[in-house]
Amino acid sequence: MWSGPRNLSTAMMYSFGARSDCAVLDEPFYAAYLAMTGIDHPMRDEILGDQLNDPDAVAGQMMGQIDRPVQYQKHMTQHMIDGVPRDWMADVTNVFLIRHPARVVASYAKKREGPVLEDLGFAQQAELFDHAIALGQTPVVIDSADIRRNPEQMMRALCSAIDLPWDASMLRWPAGGHTADGIWANHWYGAVHSSTGFADAEPDLPLLEPEYAEVASQAQPFYDRLATLKL
């Protein structure tokens, strides 16, 4: 599952994690991304100490054997910088979770000020989509707003699109997080930790300060392109 930050990605991980047949993996390339870029993120040192920092080692580990028939990998598109391997994408089903840029920017700025386009993963998401196409795949696109409007309908549609049997347990999960949460969960996952299912439909688009509106405008074409292909 390919998403930028401040999307429905953690709730989606909890949804798949509620299935008895599914293991979940939370942002395996996060530490490698921080180590390779030197970027300052909340809890940087803790993340670097908790995960493998070598992206090739990460890829080998995450594509190893699992104890369930299905594995849900939650990936952040902005982590896939030069030097992070992509060959493993040929051996997985690639799904792209999108969200309107105005909502992403408004949410991200509450946790980390001054985001730029590169932080938000929209351009990288489109690039990864094209890579999946080049591999001969027909990647699936789903919009978080549609999921929140009608969780059962959209999750059923997603399961059908990826040839996974529908499981109604995907609509509910225990409050308090998942055992597979990354070490950064306490900073980023507050709202979803208090949830037991998908949140209600979102209100109107937020009004953004001019500098944030500009970032959202830069991201809009990438979102619009994938939105034309969504379930």
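Assorted remarks:
- Contour excess over end-to-end distance, with Cα ends at residue 225 and residue 37 and 0.36 nm allotted per residue: 64.9 nm
- Dipole-positive endmost among 117, 76, 8 within region 1-142 (Cβ charges, Cα centre): 8
- Heavy-atom accessible surface of the chain: percent carbon and sulfur, 1.4 Å: 49
- For the peptides 175-183, 6-14, 57-65, the ranking by packing is 6-14, 175-183, 57-65, with the highest mean count of neighbouring Cβ atoms within 10 Å listed first.
- Nitroxide proxy distance, nm - points 7 Å out along Cα→Cβ at residue 183 and residue 46: 0.9
- Size of electric dipole in the chain: Cβ of Lys, Arg +1 and of Asp, Glu -1, about Cα centre, debye, nearest 20: 660
- Projecting the Cα atoms of 30, 107, 93 onto the charge dipole of region 30-116, computed from C-beta unit charges around the Cα centre, puts 107 farthest toward the positive end.
- Around residue 168: net Lys/Arg minus Asp/Glu count, Cβ-Cβ under 12 Å: +1
- Computed over protein heavy atoms with a 1.4 Å probe, the accessible surface of the chain works out to 46 Å² per residue.
- For region 32-73, a crude dipole built from +1 on the beta carbon of Lys and Arg and -1 on the beta carbon of Asp and Glu, taken about the Cα centre, is about 180 debye to the nearest 20.
- The stretch between residue 161 and residue 149, if pulled fully straight at 0.36 nm per residue, gains 2.4 nm over its current Cα-Cα span.
- On the basis of the beta-carbon distance and an R0 of 35 Å, residue 131 and residue 169 show a calculated FRET efficiency of 0.65.
- Cβ-Cβ distance of residue 21 and residue 88, R₀ of 25 Å, FRET efficiency by 1/(1 + (r/R0)^6): the value works out to about 0.70.
The values are calculated or read from the model by the stated rules, or taken from the named source; none is laboratory data. Only a predicted model underlies this, so the values are computations on that prediction, with no experimental measurement involved. Cβ coordinates were reconstructed from backbone atoms using ideal geometry, including for glycine residues, and neighbour counts include every protein chain displayed. We work out accessible area using only protein heavy atoms, side chains counted, and drop any ligands, DNA or RNA first. Shrake-Rupley method; radii C 1.70, N 1.55, O 1.52, S 1.80 Å.
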